[in-house]
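*Asks:* Let me give you the structure first, and then I'll get to my questions.
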Amino acid sequence: MHEGNPNGSSSSCENQNGDSENEISSKGDSSLVRSKCVKMGAFPLTHKDKDIIRLIGQYLKNTGFEQTADKLVDESGLYLEHPVATQLRSHILAGNWTKAEASLAELHKLLSSDESMMKEMKFSVLKQKYLEMVEDGKLIEAIHCLRYELTPLKFNTGQVHKLSTYVMYDSLDELKEMANWAGKGYASRQSLMEHLQTFLPIHIVLPPKRLDKLLDQAVSHQIHQCKYHNRSLSPHLYDDFSLLTDHICAKDSFPSRCTHILTQHGDQVWFCRFSPDGSLLATGSKDGMIYVWSIDPHTYEFSIKYSLEGHTYGVAHLAWSPDSKHIVACGPDECGDVWIWDIETGELKVRMSHSTDDSLTSVSFHKDARRFVTGGTRGQFYHCDLEGNVLDSWEGIRVHCVGCLNDNKTVLAADSHFRLRSYNFEDLSDQHLLQESHSIVSFTISEDGRLVLLNIDSEGIHIWDLKNNCMVRKLHGLKQGYYAIHSSFGGVNQDFVASGSEDNKVYIWHIEKESPICALEGHTQTVNCVHWNPANPSMIASVSDDSTIRIWGPAMPAIDSPSTSRSPYTSRLPQGGDSFANLSGRCTPV
C-alpha cells in the first residue's frame, strides 16, 4: 500500500482494472472510463464486471432512478455511454434537431462509419423533425425540411414521397395513423433514440433495454428447457415467473394421472377425438358404436350426450368438422361406407356409399367445415361435401391416412409406397413431400401446418418439417408394430407429443426430446389412439383394445379441482395415494 493514500491506490491515475488512462486509450476502450482518477475498489473490475455495471446503470436510468445511476457511474468510474451519445440523446429528447445533427456528425468522426448507415440515422432524425413540424402546423418549414434536407440525402426516396402527402392530413389522429407514429413528444422521441442505438457499437451506447432483453432470453430458455412446462403465460411474463429462482414445473402439474375410466364400449376401442372446441369427446369402437361424451366445464365429469350406432364393421377413424357441428366416421379395411353425423341433433345426416368396391378408412375435414376428404387402401380417394356428394376423386391412390392443411385446398395423403404426398383437388395437381423406408401407418399435422407426426410401421414416430421437407426428430421408446396407432400433438403451443403403444402404455415426449419424458400405465392391452384436448392442455384421452377409455390429468389437483361425483358411465378415480397406483394409472419416469 502506498503511503499517504488511505484507499490503497497507486499515486498514478489508474482505473479499477489497474490500467492507466494512456493504456486504456491505446486499447480503444476510453469511451467506457471517466477521465478522472477513481477510488480503487476491493477488487479490480473484469470485463464482465464492466458489462454488468453498464447494464444496471442503463436499467436504473430507464426506470427513473437517475441519482442512483449517477452514483453508480461516480463510484465505478465507468461511463454508461459515450458523452457524444449522451449529448445526442439529450438533444433528441429536447427536440433540438440542429444540435442532434451536430452530434451525429461527431459520432461519424468517432466511428468512421459507412455513409449508408449515417444517412439512415440522419434520415430518421430529419423524419421526426419533419413530422413534428407538420403536427405543429409549420407547413412551410416542413416543406423546406423535406425539399432541402431529406430529399438531398437520396435515401429511401419512396418514403420521402410518402412523407410529402402528410401535409394534407385532416386531423392529428389521421397523421399518426398514416405515419404509424406516436405524435410529437417523449414517446416518439424515445422510440427514435432506441432506433438510433441499434446502429451504434456497444462501446458507444448499449442496445436499448439490454438487461430486459437478456432476462427475457434467460426466462424463455428456462421455459424451453423445462420438460413439463404446459401452461399459458400471461402477457406480462414476470407475473408468472420470479427471477430469483430457476423455473422448474412440477411433474405433478403435468397430465400424468388417470382421472377417469370410461367403460361403456363393449369391444376394442379404436379411435378417439376431442371436438375442436374441447367440450366433447368422440370415441369409436369395434362394437359399431360412436359415443359422444360431454365434458362438464367446471367439474370435468364425462357423460354420454349421444350414442351413434349402425357402423356395421366398427369405427376405425373419425373426424370432427372445425366448427364442432359434424362428425364423419369410417370403418376398417373391409368397409366402404362413410357416416356423416349432425352433432347438434345427434341424427345421421347421410350414410355415403359410393361403390361396393370401396374401402374408406381415413377422413379429414377442410378448414371451411363444409368439405372433407376420405380414402382407403383399395385406391379410392374422394373429395366430398356434407351431403355425401363426391365433388372430385383421385383414382389409383392407395391411401393409409389423409389430412387437410388450413388453406382449404391442400390434402396430404400417406400411400402404399411409404410416401407422403400433397394433393390439390382444385387444379388436380400433386407433389411429393417425403419418403420413408417403412409404411406410414398414420399421421397427424400440427395446428400451424408446419410439422407432421408420422407413425411408422416397426420404426416408431418420426417428426418431419413440411416447409423444409426434412426429418426433425425420431421419437424412441414406444412399441410400434404393424397395427395402426394414432398419435397427437398437444399441450400449450403443441410442445408435446403423445402416443399409444403395443406395450399397453401411453408415451409422452417433449417435442425437442427424442426420449419420452414419461409413460402412463393403466391400460391392459394395446393403446390404439391418444388425443390431447385442444382447449385444455392438461387433459389427454387414450383408448385401447381393453375396451376402455382413459382420461389423464394432472396428479396435483388444482385449487378448484373437480368433484368426485360419478356418472353411470364413469369410474372417477380417487385423488393420490400409492395404494391406487396400479388401479388408476400412473406415470413412470423413462
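*Asks:* Confirm whether ARG421 is over 24 Å from HIS510 (Cβ atoms) and open to solvent by 60 Å² or more (accessible area, probe 1.4 Å).
*Replies:* No, not satisfied.
*Asks:* Out of the range 437-456, which residues are open to solvent by less than 10 Å² (accessible area, probe 1.4 Å) and under 11 Å from ALA414 (Cβ atoms)?
*Replies:* Of everything in the range 437-456, those that are open to solvent by less than 10 Å² (accessible area, probe 1.4 Å) and under 11 Å from ALA414 (Cβ atoms) turn out to be ILE440, SER442, VAL452, LEU454, ASN455, ILE456.
*Asks:* Going through the range 135-154 one residue at a time, which ones are closer than 14 Å to MET168 by Cβ and either open to solvent by 10 Å² or more (accessible area, probe 1.4 Å) or of a type in the set (D, E, K, R) (or both)?
*Replies:* GLU135, GLY137, LEU139, ILE143, LEU146, listed by residue number.
*Asks:* Further, regarding this structure: What single numbered condition from (1) open to solvent by less than 60 Å² (accessible area, probe 1.4 Å); (2) out of contact with any Phe, Trp or Tyr (no Cβ under 6 Å at 6 or more places or on another chain); (3) not basic (Lys, Arg); (4) not in a loop (DSSP other than H, G, I, E, B) fails to hold for LEU211?
*Replies:* All conditions pass for LEU211, except number (2).
*Asks:* For the range 468-493, enumerate the residues that are under 16 Å from the mean Cα position of the chain (by Cα) and more than 23 Å from GLY284 (Cβ to Cβ).
*Replies:* If the condition is that a residue be under 16 Å from the mean Cα position of the chain (by Cα) and more than 23 Å from GLY284 (Cβ to Cβ), then GLY491, VAL492, ASN493 are the ones that fit.
*Asks:* For the range 362-379, which residues satisfy the criterion of being part of a loop (DSSP other than H, G, I, E, B) and open to solvent by 20 Å² or more (accessible area, probe 1.4 Å)?
*Replies:* Within the range 362-379, LYS367, ASP368, ARG370, THR377, ARG378 meet the criteria.
*Asks:* Could you list, in sequence order, the residues of the range 461-473 that are farther than 14 Å from THR444 by Cβ and open to solvent by less than 20 Å² (accessible area, probe 1.4 Å)?
*Replies:* ASP465
*Asks:* Under 6 Å between Cβ atoms, at least 6 apart or on separate chains: pull out the pairs that start in the range 323-335 with a residue that is assigned to a loop (DSSP other than H, G, I, E, B) and end on any residue that is open to solvent by 70 Å² or more (accessible area, probe 1.4 Å).
*Replies:* Here the result reads SER324/ASP277; LYS325/GLU344; GLY331/TYR313; PRO332/TYR313; GLU334/TYR313; CYS335/TYR313, each pair linking the range 323-335 to a residue that is open to solvent by 70 Å² or more (accessible area, probe 1.4 Å).
*Asks:* Those residues that are open to solvent by less than 80 Å² (accessible area, probe 1.4 Å), within 28 Å of SER112 (Cβ to Cβ), out of contact with any helix residue (DSSP H, G or I) (no Cβ under 6 Å at 6 or more places or on another chain) and modelled with pLDDT of 90 or more, I need them from the range 25-57; list them, please.
*Replies:* If the condition is that a residue be open to solvent by less than 80 Å² (accessible area, probe 1.4 Å), within 28 Å of SER112 (Cβ to Cβ), out of contact with any helix residue (DSSP H, G or I) (no Cβ under 6 Å at 6 or more places or on another chain) and modelled with pLDDT of 90 or more, then LYS50, ARG54 are the ones that fit.
*Asks:* Still on this structure, please answer the following. Please pick out the residue among GLN268, GLN225 that is touching an Asp or Glu at 6+ places or on another chain (Cβ under 7 Å) and over 30 Å from THR86 (Cβ atoms).
*Replies:* GLN268
*Asks:* Under the condition of being touching a strand residue (DSSP E or B) at 6+ places or on another chain (Cβ under 6 Å) and under 11 Å from TYR507 (Cβ atoms), which residue from the range 477-492 is surrounded by the fewest Cβ atoms within 10 Å (Cβ to Cβ)?
*Replies:* The selected residue is GLY477.
*Asks:* Now, a different point. Across the range 336-361, what is the total count of residues that are among the aliphatic types (A, V, I, L, M) and in a loop (DSSP other than H, G, I, E, B)?
*Replies:* 2
*Asks:* Restricting the search to the range 332-352, which residues are within 11 Å of GLY310 (Cβ to Cβ) and open to solvent by less than 10 Å² (accessible area, probe 1.4 Å)?
*Replies:* The one that is within 11 Å of GLY310 (Cβ to Cβ) and open to solvent by less than 10 Å² (accessible area, probe 1.4 Å): TRP339.
*Asks:* Next up: For the range 168-182, how many residues meet the condition of being within 17 Å of ALA142 (Cα to Cα) and open to solvent by 100 Å² or more (accessible area, probe 1.4 Å)?
*Replies:* Selection size over the range 168-182: 2.
*Asks:* Of the residues that make up the range 175-187, is at least one among the basic types (Lys, Arg), in contact (Cβ under 8 Å) with a residue 12 or more places away in the chain and in a helix (DSSP H, G or I)?
*Replies:* No: the range 175-187 contains no residue that is among the basic types (Lys, Arg), in contact (Cβ under 8 Å) with a residue 12 or more places away in the chain and in a helix (DSSP H, G or I).
The values are calculated or read from the model by the stated rules, or taken from the named source; none is laboratory data. In this text, all values refer to a predicted model and were calculated from it rather than measured experimentally. Because the Cβ atoms are built from the backbone with ideal geometry, glycine has one as well, and the counts that use them run over all protein chains shown. All accessible areas refer to the heavy atoms of the entire protein, side chains included, with ligands and DNA or RNA removed. Shrake-Rupley method; radii C 1.70, N 1.55, O 1.52, S 1.80 Å.
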